[in-house]
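Structure record follows, encoded as structure tokens.
The values are calculated or read from the model by the stated rules, or taken from the named source; none is laboratory data. Small disclaimer: the values here were computed from a predicted structure and weren't measured. Here the Cβ positions follow ideal geometry from the backbone for every residue, glycine too, while neighbour counts run over all protein chains shown. These area figures cover heavy atoms from the full protein model, side chains too; ligands, DNA and RNA do not enter into them. Shrake-Rupley method; radii C 1.70, N 1.55, O 1.52, S 1.80 Å.
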Amino acid sequence: MPWRFKSGNTKKYVAFRAGLYLGFCVLSFSVLIILFMIIGKIFFPIPMYRLKPMPSVIVFDRNGKILRGFTAPDQMWRIPADIDDVSPNLKMAVINYEDKWFRYHFGVNPISILRALITNIKAGEIVCGGSTITMQVARMMEPKPRTIKSKLIEMIRAFQLELSFSKDEILSFYFNLAPYGGNIVGSASASYFYFNKDQKNLSLGESALLAVIPNSPTILRPDRTINNKPNTHLLIKARDKVLRRLLENHKISQQEYDEAINEPIPTERFSLPFHAPQLALKLKDMYPGVNKIMSTIDINIQMLARDTLRRRLDPLKSHGITNGAVVVMDTETHEVLAMVSSVDFFDNSSEGQVNGAMSPRSPGSALKPFVYALAIDRGIISPQSILSDVPVDYSGYKPENYDEKYRGFISAKEALRHSLNIPAINLSAKLGEDGLYEFLKNAGITTLTEPKEHYGLSLVLGGCEVTLLELTNLYAVLADMGRFSPYKLTIGETKRDNKLRLFVRSDEVVPPHLDKNISRRLLREGTAYILTEMLTEVDRPDLPTCWESAVNLPKVAWKTGTSYGHKDAWSIGYTPQFTIGVWVGNFNGVGVPALVGSESAAPILFDLFNALSARSNKQWYVQPSDVKEREVCSLSGMCMSPNCPHSKTELYIPGVSPYQECNMHRAIAIDKETGLRLCSNCRIGRDYEMKTFVIWPPEIATWLEQNGVVVDKLPPHFPECPVVASGEGPVIRSPSDNSEYIIREGVDLEYQKILLSASISNDSRSLYWFLNSKMIFNGSPAEKVFITPTVGKHVVMCMDDEGRAAKVTFIVR
């Protein structure tokens, strides 16, 4: 017997049937939606590349200010933005004017379409479309003629969009695709070009205007003119219509409305800023696919550096100097705060589009401090160590000082202060295999593309090429007390997870060099501190003459450089806050006499440090605990001996700096009867007195004597002494050991003679030269001796009057 509801169960029965019916409807609707989505994705997929077309690339400074922009590949200005970046005023204006039911419908609003249909019939033409924001996104995604068929396709696409994306995502598509006249696409682009501001900062009146422009972008674009007059009246009418609707819908107050309608209407199109153009282009090329690049540049420091460079370079143009570049770096983070790559990007006559900050040039003397740093770090010298400054010959390489003068001897501190070539070359040679070349490679200098032998000893004098950016970062090693870090051009590079997040189409980009350039210590902290103190001397030849006193000179460690042929002028300096590099020259490589580092580049450096001193919040370096102060001989720079008459102080690193007692001031026993020199073996039983003599190193003693400088001459050794004299013997300077000479055909041998040259101590009075065991000269060390070359292998020996000898071998081909 079939089951039946009793009369009391009738209501339950009706409810049950209604529930089944409703459930069936919901299930059927869900199935239809699922089928619609599946069929749509298979046969009618959403063209995602049109929802997110190729964007413009915008490079920002560290504070979000635009440096430079680049149009998209189709020459459109398309600056995408997240929905959170859109002004709340603009979102409110668009939704209330275009589609106030946007948050509630499923892509199509039947009531709006019906109302539009009735309105169009009454008007006899299409005056409104009834499209929702979602339908407008569909139309902007796939532009089509305004037909019934197109409208139906828009509806289908709208359903697809609503099923595939959230409301905020659809709204974001709208703001990024909306046309604003000409080649301006998207509200972010329109905000910059029409109001010169980020869309986050749009006012109510500005938002109302941007809300209406997409309805008729060609007519309502603010930079459009009618009969050479701005179309302000049309813009005001359109904007006020939006504002009235907001007021009627109670979205704004009467006061807000009154203020908004009185806001000025833009009548022209702004240009995007154009700062650091070469750097911006470099970053665009470095990070393909990134549309918003946050650089490390501080736009205020950038403009300061640019204006300073232009002001200082203007009077130099009459001397044939046309260009320059500046890099300002944060000493601690190595972030580049300013990069001025040329004086004027648009000056074609001076090749202004060249990136002078990243172009390889000869650094001149700017690399010398690092030879001194390595020598101090390895205990070869300390600041007051005496260095020879005499002519040298390294297998035919005969460098000279910039002023073509020699001083005989000089302290390391003074040699660096005067930027002398010979002491720097000699120190570089003493460093051996692991020298300046290896240090520069470890410190991120990428322009040393040739083997070490290609550069040789001339490397320290600028016999290579470096970029201003890498040279500035090299000095930042000293500024950061011996630690190397790669320079940084984008703020994303500072993230500890080594990933760069920059509003990219793919969420994350890893810069290709981050895994290679790891921070590391290259010098002891004490070494960097001592060298910094050496470089802060203000009484220096390379202090520019325009700075007549140091009263207004900020405390800066600095160095200048001038390349061979006066083609490049450099000045690099640092403080605990900033490291600054300046290059001045001509991009065509033409040298002019006025291109001198101290006169052309240093004034720019000091101007910048003076201007930036107000920004500096760091005290000068504190002396490290491993750096001490000591008394040394004022002449030799060695530790004091009982024979040293005078002393001076220097900084040194205990356990590292040389600790040899002075051997230049020597107490010599002099026989009272004969006046001859006695040694410990021959003075027994004789009456003598002790006298202090200055015993110069052989190369210095020889040079001093040859140049008429009176030096102490030791009396001859007592001839009856049974022991051969000790001490330093001759040092052969020419020819070099194992050197080769080639006889040139057609040239008289008289003009190809080989110089025999040696340095001897000032306790020697005569010199003997032997060629292949045959004596060829006997006489004063000051006399020059030449030999005529003959083919073969030869041995040259030099002996002084004490019997001390040295020999070298050379080949003539």
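Residues whose amide H lies under 5 Å from that of residue 347, counting only those 5 or more places away or on a different chain, are 352; hydrogens are built 1.01 Å from N in the peptide plane. Annotation: per residue accessible area for the chain equals 48 Å², rounded to a whole number [probe 1.4 Å, protein chains only]. For the stretch 415-424, 3J(HN,Hα) computed residue by residue from phi via the Karplus equation (6.51, -1.76, 1.60; θ = phi - 60°) reads 4, 5, 4, 8, 6, 7, 7, 4, x, 5 Hz, glycine and proline entered as x.
Annotation: peptides 193-202, 451-460, 768-777, ranked by per-residue average of other Cβ atoms within 10 Å with the highest first, follow the order 193-202, 451-460, 768-777. Using a probe of 1.4 Å on the protein chains alone, the accessible area found for residue 303 is around 60 Å². Take every Cα pair under 8 Å whose residues are at least 6 apart in sequence, average their separation, divide by the length of the stretch 639-689, and the relative contact order is 31 percent.
How are the C-alpha pair distances of the stretch 594-710 spread across 5 Å bins, as whole percents from the shortest bin up? For the stretch 594-710, the pair-distance distribution reads 2, 9, 10, 10, 11, 11, 12, 10, 8, 5, 3, 3, 3, 2, 1, 0. Per the Debye formula on identical point scatterers at the alpha carbon atoms of the chain, with no solvent, log10 I(q)/I(0) at q = 0.07, 0.10, 0.11 Å⁻¹ is -0.73, -1.10, -1.23. Backbone amide hydrogens, once placed in the peptide plane, bring residue 647 within less than 5 Å of 634, excluding anything fewer than 5 places away on its chain.
This model, with +1 at the C-beta of Lys and Arg and -1 at the C-beta of Asp and Glu, gives the stretch 277-346 a dipole about its Cα centre of some 280 debye. In this calculation the C-beta distance from residue 106 to residue 446 is compared with R0 = 35 Å, giving a FRET efficiency of 0.05. Cross-link partners of residue 65 among lysines, defined as those whose alpha carbon lies under 17 angstrom from its own and excluding same-chain residues fewer than eight positions apart: 197, 200, 284, 292. Cα centroid separation, the stretch 584-627 to the stretch 787-813: 49 Å. Here the stretch 659-723 and the stretch 306-376 have alpha carbon centers that stand 54 Å from each other.
Peptides 690-696, 143-149, 481-487, ordered by how many other C-beta atoms sit within 10 Å of their residues on average, highest first, read 481-487, 690-696, 143-149.
Shape class for the stretch 436-493: prolate, because the ratio a/c of the largest to smallest gyration tensor axis (alpha-carbon atoms, square roots of eigenvalues) is 1.5 or more and a/b beats b/c. With an 8 Å cut-off on Cα pairs and a minimum separation of 6 or more residues, tell me the relative contact order of the stretch 261-388 in percent. The value is 19 percent. Multiplying the residue separation of residue 344 and residue 684 by 0.36 nm and subtracting their alpha-carbon distance yields 114.2 nm. Highest average first, the peptides 93-99, 304-310, 343-349 ordered by how many other beta carbon atoms sit within 10 Å of their residues are 93-99, 304-310, 343-349.
Work out the P(r) tail for the stretch 182-307: percent of alpha carbon pairs separated by more than 20 Å, whole number. Tail of P(r) above 20 Å: 55 percent of Cα pairs. Could you tell me what percent of the accessible area of the chain is made up of carbon and sulfur, with a 1.4 Å probe and every protein chain present? The C+S portion of the solvent-accessible surface of the chain is 54 percent.
When the helices of the chain are scored as -39500 (n - 2.57) per DSSP H run of n ≥ 4 and the total is divided over every residue, the value at 222 nm lands at -9500 deg cm²/dmol.
Taking all Cα pairs closer than 8 Å and separated by 6 or more residues, the relative contact order of the chain comes to 9 percent.
What Kirkwood Rh does the stretch 226-300 have if only Cα atoms enter the pairwise 1/r average? Answer in Å.
Evaluated over the stretch 226-300, this radius sits at 16.6 Å.
Can you tell me the orientation of helix 368-377 relative to the chain, as the angle in degrees between its alpha-carbon axis and the longest Cα principal axis, to the nearest 10? It works out to around 70 degrees.
Name all residues of the stretch 320-334 having a backbone nitrogen under 20 Å from the label point set 7 Å from the Cα of residue 519 along its Cα→Cβ direction, giving them as ranges. Taking a point 7 Å out along Cα→Cβ of residue 519, the residues of the stretch 320-334 whose backbone N falls under 20 Å are 328-334. Here the stretch 375-448 was treated as a single set of alpha-carbon atoms; its pair distances binned every 5 Å from 0 give 3, 15, 24, 22, 20, 13, 4, 0 percent.
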